[in-house]
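The values are calculated or read from the model by the stated rules, or taken from the named source; none is laboratory data. Being a predicted model, the structure only gives us computed values, none of them experimental. A quick note on method: Cβ atoms are made from the backbone with ideal geometry, for glycine too, and the neighbour counts reach across all protein chains shown.
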Amino acid sequence: MIVHSIFFYFFSVIAIFSSLMVITSRSTINSVFFLILDFISIGCLFIMVGAEFLGMILLIVYVGAVAVLFLFVVMMLNVAEQKQSWFIGKKSTHIPTGLIVSVLILLELLVVVGGWKYKEDLMSSSTLLLSDVSNTHQLGLVMYTDYILYFQLAGIVLLLAMIGAILLTFRERIGVKKQSYINQISRNPSTAVELIKVKSNQGVKIDD
Amino acid sequence: MTEYLQILGQEIYKIIFLLIPILVSVAMIVWLDRRVWGLVQKRRGPNVVGPFGLFQTLADALKYIFKEIIIPASANKAVFILAPIVTMTLALVAWAVIPMSEDLVLADINVGILYLFAVSSLGVYGIIMGGWASNSKYPFLGAIRSAAQMVSYEVSIGIIIINVLLCVGSLNLNDIVLAQKDLWYVIPLFPMFVIFFISALAETNRPPFDLPEAEAELVAGYQTEYSGMMYAMFWLGEYANILLMCAMGSILFLGGWLPIMDIYPINLIPSPVWMILKILFLFLLFALIKAIVPRYRYDQLMRLGWKIFLPFSLIYLVLTASFLFYFDKLPKVDI
């Protein structure tokens, strides 16, 4: 077990260190890179407790997709060095908001952990069996039977969020030429080529 | 403690004997790529160094090693140096789960295919980091293009993998290979194989989707500012990734290390040979396509990924699922 605990401490030290660096590092890009490191080490911790499916999904979804978008946004906005105005500026309204949010998160965590600790059948499930089946199978068995409603609801919430995001950022641009593949393929010489007699000293208007 | 050290030593031994063949085959594959490219265009290709020019890549690598590494003055030094290392490491690390035969695999993990998918989706970081850290226009544009391209095509690759997994019922790569004992999935899932192949071209930034390094527009894309060994690492990582995609394709669709037919004289050939032959076959297709297809335009690339491949693979997924359900062929889990 000693090797196991060495690995555990290795990954958890990296996770804690990098999550501290996310909020303290001056450059935003470095913050994002530390966030990625944090995700990866937490993925490794998941794998160490035997939840290999969750660990891999964390890597695929958060590191492979979400963090790439973060990186994109940070690079595009060019939020170079963060000035410490959050703490020093006279009209700093961020600290109360931040405090409220973090206290709320702490309370939520307390409720969840407390509930899990003191109510034994909170996670009871008729399908959860401890057998040799791999945890991917077990997850599927639980998720698609007992919790199918919540699973589908979560899917609908995500779909709505996606549609909302598309609607919010959608704008019709005028004057942009679009390529229509059907028109392009169905063109033939009789519709594409036209003979025009050009009068001298007068231009001719093509392409309208 | 000595026991652990022994295990550690054994694993390191295994890892070295996995890495050396991969690096050598990457070198050979570069030669093959250039050779095929040359032959298609009625040129000779590299044929001077060594027999048939086989040592050309070695000579190139030597040249890269002795070249000076130039770091631009305005570059973000740490990220600039980290980028090729990330690319190379991720390309090599994925090989840990590729089975060359039933027991010739470094790590036979339960979620092998997810691991492959995760590692290949991390590959985009090397490119973004390199492009951003160079602090120059062309690398940055190349990096943005490549990130958008890789994220888009990953989605369809993911759905194609789900198609195969529905038929197998396991995420283990050896199980995926064994499930194809009677019928390779390239036959029932042929459209998915084609889409997988094209997405793999896009995922590895190969022509006709090599927009991140389109030399007519972006000089060399994200690797414009790189020189010497750091450029060579990008380059090796790229080819290791291509080989990895070929291996993934042969495991998912061509029956991995299974022989082409399970009859007497053919099944005497050891399984690693079959795996290598299949990877080589897919790589030959990659090389031929590089030589014969012109480059896509960027909006066409995005349209192909999001408007054609994604809906088509989703529809095919529903079809596969309904077929398996209707004929009661869904893989069973014994609990």
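So the values come out like this:
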item: Residue in region B:286-309 that is away from chain A (no Cβ under 14 Å), loosely packed, with under 13 Cβ neighbours inside 10 Å and in a helix (DSSP H, G or I) present; result: yes
item: Selection status of B:LEU178, at pLDDT 85 or above, surrounded by fewer than 24 Cβ atoms within 10 Å (Cβ to Cβ) and over 22 Å from B:SER313 (Cα atoms); result: yes
item: Test result for B:ASN267, surrounded by fewer than 22 Cβ atoms within 10 Å (Cβ to Cβ) and not charged (D, E, K, R); result: yes
item: Any chance A:ILE163 is more than 23 Å from B:SER170 (Cβ to Cβ), within 14 Å of another protein chain (Cβ to nearest Cβ) and β-branched (Val, Ile, Thr); result: no
item: Test for B:GLY158: is it under 24 Å from B:PRO208 (Cβ atoms), in contact (Cβ under 8 Å) with a residue 40 or more places away in the chain and more than 11 Å from chain A (Cβ to nearest Cβ); result: no
item: Residue match in region B:75-82 (condition: over 30 Å from A:PHE33 (Cα atoms), buried (at least 18 other Cβ atoms within 10 Å of the Cβ) and touching a residue at least 40 places away in the same chain (Cβ under 8 Å)); result: no
item: Any chance A:SER27 is more than 18 Å from the chain's Cα centre (by Cα), hydroxyl-bearing (Ser, Thr, Tyr) and farther than 23 Å from B:SER120 by Cβ; result: yes
item: Within region B:53-111, considering residues that are of a type in the set (S, T, N, Q) and over 13 Å from B:ALA232 (Cβ atoms), the one farthest from the other protein chains (Cβ to nearest Cβ); result: B:GLN56
item: Residue in region B:225-238 that is farthest from B:ALA83 (Cα to Cα), counting only those that are hydroxyl-bearing (Ser, Thr, Tyr) and surrounded by fewer than 23 Cβ atoms within 10 Å (Cβ to Cβ); result: B:SER227
item: Any hit, region B:75-98, residues being in a loop (DSSP other than H, G, I, E, B), within 18 Å of the chain's Cα centre (by Cα) and at pLDDT 85 or above; result: yes
item: Failed item, numbered, when B:ALA247 is tested on (1) surrounded by 13 or more Cβ atoms within 10 Å (Cβ to Cβ); (2) more than 30 Å from B:GLN149 (Cα to Cα); result: (2)
item: Single residue of A:GLY43, A:GLY50, A:GLY55 found to be part of a loop (DSSP other than H, G, I, E, B) and small (Gly, Ala, Ser); result: A:GLY50
item: Total residues in region B:230-256, condition assigned to a helix (DSSP H, G or I), of a type in the set (Gly, Ala, Ser) and either under 18 Å from B:PHE117 (Cβ atoms) or in contact with a His (Cβ under 6 Å, 6 or more places away or on another chain) (or both); result: 5
item: Which listed residue is within 11 Å of chain A (Cβ to nearest Cβ), in a helix (DSSP H, G or I), more than 27 Å from B:ILE162 (Cα to Cα) and not hydroxyl-bearing (Ser, Thr, Tyr), from B:PHE117, B:PHE140; result: B:PHE140
item: Residue match in region B:19-27 (condition: part of a helix (DSSP H, G or I), within 14 Å of chain A (Cβ to nearest Cβ), on the phi < 0 side of the Ramachandran plot and surrounded by fewer than 16 Cβ atoms within 10 Å (Cβ to Cβ)); result: no
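Table: residues versus (1) in a loop (DSSP other than H, G, I, E, B); (2) within 30 Å of A:MET75 (Cβ to Cβ); (3) not aliphatic (A, V, I, L, M).
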position: B:LEU106; (1), (2), (3): yes, no, no
position: B:SER121; (1), (2), (3): no, yes, yes
position: B:GLY126; (1), (2), (3): no, yes, yes
position: B:ALA147; (1), (2), (3): no, yes, no
position: B:CYS167; (1), (2), (3): no, no, yes
position: B:ASP175; (1), (2), (3): no, no, yes
position: B:PRO191; (1), (2), (3): no, no, yes
position: B:LEU201; (1), (2), (3): no, yes, no
